[in-house]
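For reference, the structure discussed in these notes is given below.
The values are calculated or read from the model by the stated rules, or taken from the named source; none is laboratory data. This one's a predicted model, so the numbers in the text were calculated from it and none came from an experiment. As a convention, Cβ positions derive from the backbone with ideal geometry for all residues, glycine included, and neighbour counts pool all protein chains shown. Just so you know, the surface numbers come from the protein's heavy atoms only, side chains and all, with ligands and any DNA or RNA stripped out. Shrake-Rupley method; radii C 1.70, N 1.55, O 1.52, S 1.80 Å.
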Amino acid sequence: MILWVGLLLVHCCLCLTGAGGESPGLETCMRCSQGLHCKTKGGYSFPRPCENPAESLNTSTVFHNVSLSTVMKCERMQKCSLRLGIKAVVQIADSIHGVSFCITTAGRMTGCRTFSFTRASRERMSGLQVEIENNCTEVSPNQQVQVTVTTVPSYCGMTWTSTYHTPGCSHEDFRRHVPECITGRLSYKVNPDKKELSVNVSDMLNDHNYHLRLCRKDFICSGTGAYMLIKKEQPIKSATFPYSRPLPCLCIEGWSAVMDAPRVQVCPFKDRVEELWFGITFDPLEETLLWEPACPITATAALCQMRDDGICVDLPHSSQNVTREKIAFSKVDPHDRVCVKFTAGSQSWTRCPFADGRLQAWELVTTRTEGHEEVKMLSQISANFSVELCVKSEGSPECQTIETHNVQVEKQKAVDLNLKGASCNSCLQIKRLDVEYAATVIHCLKLCSDSSPLRSDLTWVFVLTGVCLFGVICVTLVLHVLLTVHRRRKQKITGVRNGEKQIDPPPTCLVSVLQTQPVVHGGVFIPDSPQCGNNEKANLLSE
């Protein structure tokens with residue numbers, strides 16, 4: 001047998017529902033093949049013992065095709081009901097007086113409808129295949145029904161049984177015409193500057209009010225407190241809701257003001273997953289990092305250390321799965337390099353809650369004097385640290401460890417980290433030991449004194465030699481000055497004794513003799529030179 005599941009839309013048929021889900025309008029919901037006279041009888045089924053067939057009959061020779069479908073019958077717009085459509089192709093035999101269709105649904109007794117064939121029809125159409133159709137049983141959207149087709153009388157082994165699931169309200173025609181499925185249509189506009197959602201409602205259930213609200217979607221959609229009742233008399237059916245954060249689970253929910261009305265939801269920010277990675281808090285007393293997702297999500301969260309190149313390297317054994325519960329990382333060193341990496345699917349986001357440095361527990365303090373760099377550690381709490389002295393080789397990012405020390409730092413007491421053997425290409429690797437998750441901080445010395453004895457001795461030799469040379473030069477200059485003064489004094493004393501007038505030598509200057517000047521009294525006129533002063537007069541030299 002072939003089970004055919006389809007949807008037959010039959011509009012404007014007046015089929016009023018009767019007791020037990022059956023309809024009294026039999027001429028509109030049942031049909032037999034042309035030439036076959038059927039009588040129908042409905043009611044509830046009570047199992048009767050089966051009989052052995054008088055002739056060699058079985059299910060495959062009697063029921064050639066049975067198909068199930070959903071039929072929608074409407075009185076007017078938004079006033080339609082769903083019926084179960086059953087079609088069966090049956091081969092007529094003298095011993096088969098009719099066919100019984102029994103439908104069982106949850107919460108109801110099994111209802112049956114029997115189609116009886118007249119004796120004249122059986123004799124006339126014996127051996128022929130006829131089609132019988134029954135659309136009289138009302139069903140609900142998304143309902144599971146069990147259908148049993150048997151012969152009349154009921155012969156043993158002559159039963160066809162199947163289970164059928166009616167379509168849900170997601171079907172477009174159901175959402176427009178079946179009251180149980182009419183949810184209304186929601187459209188919206190987002191104003192990110194004002195953080196407002198403007199919602200419009202259309203195609204809502206006639207003659208009924210409408211509920212609107214904002215909610216956070218999880219197993220159920222939990223209301224945020226933003227609610228509006230739209231009256232059926234309102235010409236413009238709209239509302240405006242404020243929101244605080246554009247979360248992916250923040251939805252607009254609407255439903256008609258009737259009992260058990262279906263609801264429709266639209267989520268304007270469903271793709272804004274990055275909005276979930278906020279709200280990280282830190283308890284400094286417990287040294288615990290806390291975060292709780294505002295929406296349910298499947299992701300992982302791990303602690304990582306941010307490098308200078310912007311890559312965050314995962315800290316060992318720090319990964320946790322995220323669903324909807326709060327997660328906690330215990331014993332975390334609140335250093336600005338410690339971050340949280342969230343991964344959902346193929347995307348990752350990094351948040352660094354200590355980047356502003358307000359909660360940083362310890363720091364390195366460097367001072368540079370006379371070409372030497374001093375490094376000290378200052379902590380806001382008493383803590384233990386591992387301090388490694390290492391050397392970086394050219395072309396390699398790795399730092400070769402030379403020696404390791406454990407350092408105890410008391411609260412607010414600076415500790416000198418100048419280790420013996422540190423050279424200009426040395427680095428310090430520092431990590432806190434009394435926590436479970438901590439960053440490894442690398443500090444490379446930029447200024448330092450060379451500790452080589454040979455180079456130190458040579459430096460002092462050069463310094464002393466320079467000082468000696470400078471002293472000799474200074475003494476030589478002083479002696480030269482004293483000797484010059486002594487000679488001039490001796491010349492003056494000798495001149496006075498000989499009665500000679502001491503004439504100071506004229507100042508050295510440049511005098512231009514103008515050969516083209518006219519002859520004045522047979523001589524040559526030599527003008528004053530500006531370099532020799534403004535008070536000297538010209539000398540007239542006679543030949």
Restricting the search to the range 74-129, which residues are of a type in the set (A, V, I, L, M) and buried (at least 16 other Cβ atoms within 10 Å of the Cβ)? 82, 84, 86, 88, 89, 90, 92, 93, 96, 99, 103, 125
What tally of residues in the range 153-167 results from selecting those that are outside any strand (DSSP E or B) and either open to solvent by 20 Å² or more (accessible area, probe 1.4 Å) or under 9 Å from residue 53 (Cβ atoms) (or both)? 6
Can you name every residue in the range 296-318 that is open to solvent by less than 90 Å² (accessible area, probe 1.4 Å) and of a type in the set (Ser, Thr, Tyr)? 300, 318
If we keep only residues of the range 408-426 that are at pLDDT 85 or above and surrounded by 15 or more Cβ atoms within 10 Å (Cβ to Cβ), then the residue farthest from the chain's Cα centre (by Cα) is 415
Output for the range 199-250, where each listed residue is assigned to a loop (DSSP other than H, G, I, E, B), closer than 18 Å to residue 268 by Cβ and open to solvent by less than 50 Å² (accessible area, probe 1.4 Å): 243, 246, 247, 248, 249
Taking the condition open to solvent by 40 Å² or more (accessible area, probe 1.4 Å), modelled with pLDDT of 90 or more and among the β-branched types (Val, Ile, Thr), does residue 401 pass? no
Counting just the residues of the range 52-70 that are part of a strand (DSSP E or B) and open to solvent by 40 Å² or more (accessible area, probe 1.4 Å), which one comes out modelled with the highest pLDDT? 65
Hits in the range 86-121 (condition: touching a Ser or Thr at 6+ places or on another chain (Cβ under 9 Å), under 23 Å from residue 50 (Cβ atoms) and not hydrophobic (A, V, I, L, M, F, W, C)): 91, 94, 95, 97, 98, 100, 104, 110, 111, 113, 114, 116
The strands (runs of 3 or more DSSP E) lying entirely within the range 283-371 that contain at least 3 residues which are under 27 Å from residue 442 (Cα atoms) and of a type outside the set (Val, Ile, Thr) are 299-306, 338-344, 347-351, 362-369
Qualifying residue in the range 372-379 (condition: assigned by the TED database to the domain that holds residue 437 and surrounded by fewer than 13 Cβ atoms within 10 Å (Cβ to Cβ)): yes
Looking at 120, 93, 88, which is the one that is in a loop (DSSP other than H, G, I, E, B) and either among the hydrophobic types (A, V, I, L, M, F, W, C) or more than 58 Å from the chain's Cα centre (by Cα) (or both)? 93
Can we say residue 101 is in contact (Cβ under 8 Å) with a residue 24 or more places away in the chain, within 20 Å of residue 35 (Cβ to Cβ) and either outside the structural domain of residue 207 (by the TED database) or touching a Phe, Trp or Tyr at 6+ places or on another chain (Cβ under 6 Å) (or both)? no
